[in-house]
Amino acid sequence: MDFDFIKELGYKALDSRLKRISDRMSHDVRKFYKEFGIDVEPNWYLVFMLLQKKGEISITDIAEPLGYSHPSVVAIVKKMSESGYLIIKKDSVDKRKQIVSLSPKAIDMLPQLKQIWDSCEKAILKVLSEDLSILTYLDDIDQELKNESFHHRFKQEYLKSIQS
């Protein structure tokens with residue numbers, strides 16, 4: 001591809017550029033899983049890791065530390081459960097709350113998945129040429145957007161432009 005419009009736009013297409021990179025990586029991870037007969041989706045990685053660390057937790061307790069919306073976690077958990085990787089039960093105190101944990105199938109697969117994830121991490125480090133400074137930039141962007149939402153910033157700039 002000679003003409004890369006997103007790249008040409010630079011910072012103006014930051015969200016599209018990040019999405020494109022993410023999509024490429026997810027596509028390749030999905031391709032790898034399929035190639036090796038592993039019925040796991042790339043976006044399940046963080047849920048696996050969080051549940052391995054925390055044990056039984058609610059959907060809200062998955063969504064919050066990941067910064068995901070509740071509905072997106074519900075969708076991921078549903079797919080993981082349908083594939084046999086999660087056990088979902090009602091909270092003993094609040095019957096509306098669902099408590100999620102790894103299934104025996106997931107626990108049995110964890111050593112293989114850890115090996116795969118370790119290989120993926122090494123590949124990411126190579127893509128980054130072992131330079132993790134991008135994470136500092138992403139942390140800064142994340143913090144800026146926590147301090148003041150992009151919606152608010154965007155709206156303020158728009159209102160200024162129509163007043164001029």
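The values are calculated or read from the model by the stated rules, or taken from the named source; none is laboratory data. In this text, all values refer to a predicted model and were calculated from it rather than measured experimentally. Note that each Cβ is placed from the backbone with ideal geometry, even for glycine, and that neighbours are counted across all protein chains shown. Keep in mind that these areas ignore ligands, DNA and RNA; they rest on the heavy atoms of the full protein, side chains included. Shrake-Rupley method; radii C 1.70, N 1.55, O 1.52, S 1.80 Å.
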Query - Rounded to whole Hz, the Karplus (6.51, -1.76, 1.60) HN-Hα couplings of the range 153-164, x for glycine and proline - result: 4, 4, 4, 4, 5, 5, 4, 4, 5, 7, 7, 7
**Report entry** Spacing of the two label points (7 Å from each Cα toward its C-beta) at Glu8 and His152, in nm
**Finding:** 3.6
Query raised in the report: Which FRET efficiency, nearest 0.05, do Gln52 and Ser133 yield, Cβ-Cβ r, R0 35 Å?
Result: 0.75
Report task. With a 1.4 Å probe and every protein chain left in place, work out the accessible area per residue of the range 40-95 in Å², rounded to a whole number. Result -> 56
Query raised in the report: When N is the residue count of the range 6-77, what does its C-alpha Rg come to as a fraction of 2.2 N^0.38 Å?
Result: 1.36
Report summary line: The pairs in Lys31/Lys79; Lys19/Lys54; Lys7/Lys114; Lys19/Lys53; Lys54/Lys114 lying past 26 Å Cα-Cα in this model are Lys19/Lys54; Lys7/Lys114; Lys19/Lys53
Query - the range 97-164 pair-distance distribution - Cα-Cα, 5 Å bins, rounded % - result: 3, 12, 10, 10, 10, 12, 15, 11, 7, 5, 3, 2, 0
Report task. Sketch the reach of a paramagnetic label on Val93 as a point 7 Å from Cα along Cα-to-Cβ, and name the residues of the range 39-70 whose backbone nitrogen lies under 19 Å away. Result -> 54-65
Query raised in the report: Taking Lys155 as the anchor, which aspartates and glutamates have their alpha carbon closer than 18 Å to its alpha carbon, excluding any fewer than eight residues away along the same chain?
Result: Asp15, Glu144
**Report entry** Distance in nm between pseudo-label sites at Lys114 and Ile141 (7 Å out along the Cβ direction from Cα)
**Finding:** 3.2
Query raised in the report: How long is the chain along each principal axis, judged by its Cα atoms, biggest number first, in Å?
Result: 60, 42, 25
Query - Carbon + sulfur, % of accessible area of the range 42-148 - ligands and nucleic acids excluded, 1.4 Å - result: 56
Query raised in the report: Which longest uninterrupted range of the chain lacks any trypsin sites (Lys or Arg not before Pro) assigned by DSSP to a loop state (not H, G, I, E or B) and surrounded by at most 16 other Cβ atoms within 10 Å?
Result: 1-94
